[in-house]
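The values are calculated or read from the model by the stated rules, or taken from the named source; none is laboratory data. Nothing here was measured: the structure is a model prediction, and the numbers come from that model. Please note: Cβ atoms are built from the backbone with ideal geometry, for glycine as well, and neighbour counts cover all protein chains shown.
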Amino acid sequence: MLDALLLFAAATLRITVPYALAAMGGSFSERGGVVCLALEGIMLNSALAYVLGAWFLHDPWLALLCAVLAGVATAALHALITVTFRADQITSGIGLNLLAAGLTRFVLVTVFHSSSNSPRVAGLPDLAVGPLASLPALGPLFATPLVPLTLALVPLSVWVQHRTPFGLRLRATGEQPAASAALGLSVAGVRVSGVLLCGALTGLAGAWLASEQHSFTDGMTSGRGYIAIAAMIVGKWHPAGSAAACLLFGATEAAQIALQGSGFPSALLQALPYAVTMLALAGFIGHARPPKALGRPYDPEEA
Amino acid sequence: MSSPAPAERGPQPEPPRRTAFPLDALSPLVAVLLALVAGGVLIAAVGQSPFEVYGLLVQQALGTGYGVGQTLFKATPLVFAGLSVALAFRAGLFNVGAEGQMYLGGFAAALVGAYVPLPWPLLLPVALLAAALAGALWGAVPGLLKARFGAHEVINTIMLNFIAFSLVAWAGQSLFVRATVRTSEVRSAAWVSRLDVVLPWLKGSPANLTLLLGVVLALALWLLLFRTRKGYEWRVLGLNPTAAEYAGVRTRVAVVQSFALAGAIAGLGGTSFVLGYKHWFEQDFTAGAGFMGIAVALIGRNHPVGVLVAALFFGALAYGGLVVNRFVPADIVNVLRALIILFAISAHALFTRWAKQRAA
């Protein structure tokens, strides 16, 4: 029984890691007032960048760096379109997701001559975590570098958003950009930083997927970016809340996998995170109130 | 932030003498050109000639009867999805849910066509109606949630897409033909005939009469939007919800109605594949056509006629990708489509800003 529970916990944690990274990333972008539907595309680009890095540079740590850079680069494109050009944020996110889907497969075919998957590459090496590693089921996970990193990033993101001047400015800009500007802040600068941080965190999520799977497969993010957005909303745009919602969604998914073939309509469990998100948005599960200026480009002329 | 009354602003700027050319009208064209240039760089980067690849694409998609038929077939769901997104946009709503609405529409049509024991002249209209109703239901939900709770429709429509996929996957466990991901065949009474029956020139292509339904819908939608009171109210709602409210428009009702109609149109889009081509529902048959509705509406500038033109363009691109695959990965067209979207919104934002600055 205990074994089964530990296995379930391990499966949940494994599924939760990329969700949590991307959802926390999303909160940095959206707290600043920029809708980021591009999580899916950022993650996909980063996963491919990890594999390309590992393949050509023969170093998983450099590959991780490549993934983060690809995430930041994709996010930079989003920032350019939405903050600099002040174009529609929702459409930009959807466009970037389509771009990533097409471009990653284009590169996959060009570089690896396959439209489905890359060759096997090295994953990130295990950390020496001492006695923790001997924990049944969970031990090996704690030795996987991105797991402790993700666990550390939860309080760190909360601290940055809620306890530092940068975080205060970010949140103020997402609520009242005109007030931020009146304080002498650059609304565009603050927003771009939020979007780029989002790219870096979501890039880690992509790296996790590729490193765990030791390869890139076409469309390997399979909707995870959208689950992350859902979790961020259920978590009320708060990093810890988002991570907690990811844990809930991760557990649902682990349960769904565990219940497959048991006669339980587990396919319906798939829909649960989406339904929960809709209920949260409608105000049935506490009120998920988005930042006030979310989605609105800031035009200093109109303020 | 209340803006000061006009009187406090001092003398008003003189209106520009010459009516400035509406630069923004060019943004779809600019976007397509820039995307073709960027795509050309990508084609050259893999060692092929952009001119040859684009030439082949045009020649294959538009130069033969079969190619034109394939282009029309690929354009058909895009017409419906584009009209759906454009209609919602006009009413101030962003319908990211055309994919799920179309998916459920196709599923409903397939079930009715396969299992409802109606004779020939009745089964087809009932199957079409089922598609429209399924789509309308899936469109009404985010409309209701917005009207009743103020919940933003973008996230809700995205969530509903995924819920539609899960629902069908679950229902499919008992409904799909064993060891496949498709439903049983629709009875022939519900089949929509191919276009090559009327136009033999399109020989063998899967283009079918649902395209004509799409064209008729486009004209009907134009009438509704620009020639009826209801359409006018919806457009006012889209341009200025507060003004609509003060003018006595029942905005909540309008939100639900327009969203349901947008869903119904997208739902009907599922019938091209299900009733006109394969004659069954297949998992993932929409393949992103619903999402592409956003691009179609964007390039068609939310006008029914513009949507028809844009759907043809994207249809040609979709088929063209398959034929250039020998030289460059077929995904070049997916890259082009995404670039067109990104360039179009950027051009729109910049052009309108410049126009404002020039006017000031």
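Numbers at a glance
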| item | result |
| --- | --- |
| Elements of type helices (runs of 4 or more DSSP H) in segment B:124-243, at least 3 residues being surrounded by fewer than 17 Cβ atoms within 10 Å (Cβ to Cβ), within 24 Å of the chain's Cα centre (by Cα) and more than 14 Å from chain A (Cβ to nearest Cβ) | B:210-227, B:229-239 |
| Residue among B:LEU129, B:LEU145, B:LEU160 that alone is touching a residue at least 40 places away in the same chain (Cβ under 8 Å) and of a type in the set (A, V, I, L, M) | B:LEU160 |
| Evaluation of A:LEU268 against (1) surrounded by fewer than 18 Cβ atoms within 10 Å (Cβ to Cβ); (2) farther than 26 Å from B:VAL141 by Cβ (one fails), failing number | (2) |
| Residues of segment A:132-165 classified as surrounded by 15 or more Cβ atoms within 10 Å (Cβ to Cβ) and outside any helix (DSSP H, G or I), total | 5 |
| Every residue from segment A:72-82 that is over 15 Å from A:ALA205 (Cβ atoms), more than 10 Å from every other protein chain (Cβ to nearest Cβ) and either buried (at least 24 other Cβ atoms within 10 Å of the Cβ) or in contact with a strand residue (DSSP E or B) (Cβ under 8 Å, 6 or more places away or on another chain) (or both) | A:ALA79 |
| Filter result for A:SER222 (in contact with a Lys or Arg (Cβ under 7 Å, 6 or more places away or on another chain) and of a type in the set (S, T, N, Q)) | no |
| Criterion (touching a helix residue (DSSP H, G or I) at 6+ places or on another chain (Cβ under 9 Å), assigned to a helix (DSSP H, G or I) and more than 25 Å from B:LEU23 (Cβ to Cβ)) met by exactly one of B:VAL305, B:VAL335 | B:VAL335 |
| Residue match in segment A:222-240 (condition: without any contact (Cβ under 8 Å) to a residue 24 or more places away in the chain and within 14 Å of chain B (Cβ to nearest Cβ)) | yes |
| Filter result (free of Cβ contacts under 8 Å to residues at least 60 places away in the same chain and under 24 Å from the mean Cα position of the chain (by Cα)) within segment A:126-138 | A:ASP126, A:LEU127 |
| Count - residues of segment B:337-359 that are facing chain A (nearest Cβ under 8 Å) and not basic (Lys, Arg) | 9 |
| Failed criterion for A:ALA182 (all others in (1) in contact with a Gly (Cβ under 8 Å, 6 or more places away or on another chain); (2) within 14 Å of chain B (Cβ to nearest Cβ); (3) over 30 Å from A:LEU281 (Cα atoms) hold) | (1) |
| Test: residue in segment A:205-218 that is within 11 Å of A:MET24 (Cα to Cα), away from chain B (no Cβ under 14 Å) and in contact (Cβ under 8 Å) with a residue 24 or more places away in the chain | yes |
| Residue within segment A:18-32 that is away from chain B (no Cβ under 14 Å), crowded, with 24+ Cβ neighbours inside 10 Å and not in a helix (DSSP H, G or I) present | yes |
| Of the criteria (1) at the interface with chain B (Cβ under 9 Å from one of its Cβ atoms); (2) free of Cβ contacts under 8 Å to residues at least 40 places away in the same chain, which one A:GLN256 fails | (1) |
| For A:ALA243: the one exception among (1) in contact with a Gly (Cβ under 8 Å, 6 or more places away or on another chain); (2) more than 26 Å from A:ALA288 (Cβ to Cβ); (3) of a type in the set (A, V, I, L, M) | (2) |
| Subset of segment A:267-287 [within 22 Å of the chain's Cα centre (by Cα), within 7 Å of chain B (Cβ to nearest Cβ) and closer than 16 Å to B:THR157 by Cβ] | A:ALA271, A:TYR274, A:ALA275, A:THR277, A:MET278, A:LEU281 |
| Residue list for segment A:247-303, filter: under 25 Å from B:ALA169 (Cβ atoms) and of a type in the set (Phe, Trp, Tyr) | A:PHE249, A:PHE264, A:TYR274 |
| Among residues of segment A:86-114, those that are facing another protein chain (nearest Cβ under 7 Å) and farther than 30 Å from A:ARG296 by Cβ, counted | 4 |
| Test for A:ALA228: is it small (Gly, Ala, Ser) and surrounded by 24 or more Cβ atoms within 10 Å (Cβ to Cβ) | yes |
| Test: residue in segment A:58-71 that is buried (at least 19 other Cβ atoms within 10 Å of the Cβ) and either in contact with a strand residue (DSSP E or B) (Cβ under 6 Å, 6 or more places away or on another chain) or closer than 26 Å to A:LYS236 by Cβ (or both) | yes |
| Of all residues making up segment B:258-286, the number that are within 18 Å of the chain's Cα centre (by Cα) and either more than 27 Å from B:VAL192 (Cβ to Cβ) or of a type in the set (Gly, Ala, Ser) (or both) | 10 |
| B:LEU298, sole failed condition from (1) aliphatic (A, V, I, L, M); (2) part of a loop (DSSP other than H, G, I, E, B); (3) closer than 30 Å to B:LEU72 by Cα | (2) |
| Residue in segment B:168-175 that is touching a Leu at 6+ places or on another chain (Cβ under 8 Å), within 24 Å of B:ALA264 (Cα to Cα) and at pLDDT 95 or above present | yes |
| Among the candidates A:GLN161, A:GLN213, residue that is modelled with pLDDT of 95 or more and under 30 Å from A:ASP59 (Cβ atoms) | A:GLN213 |
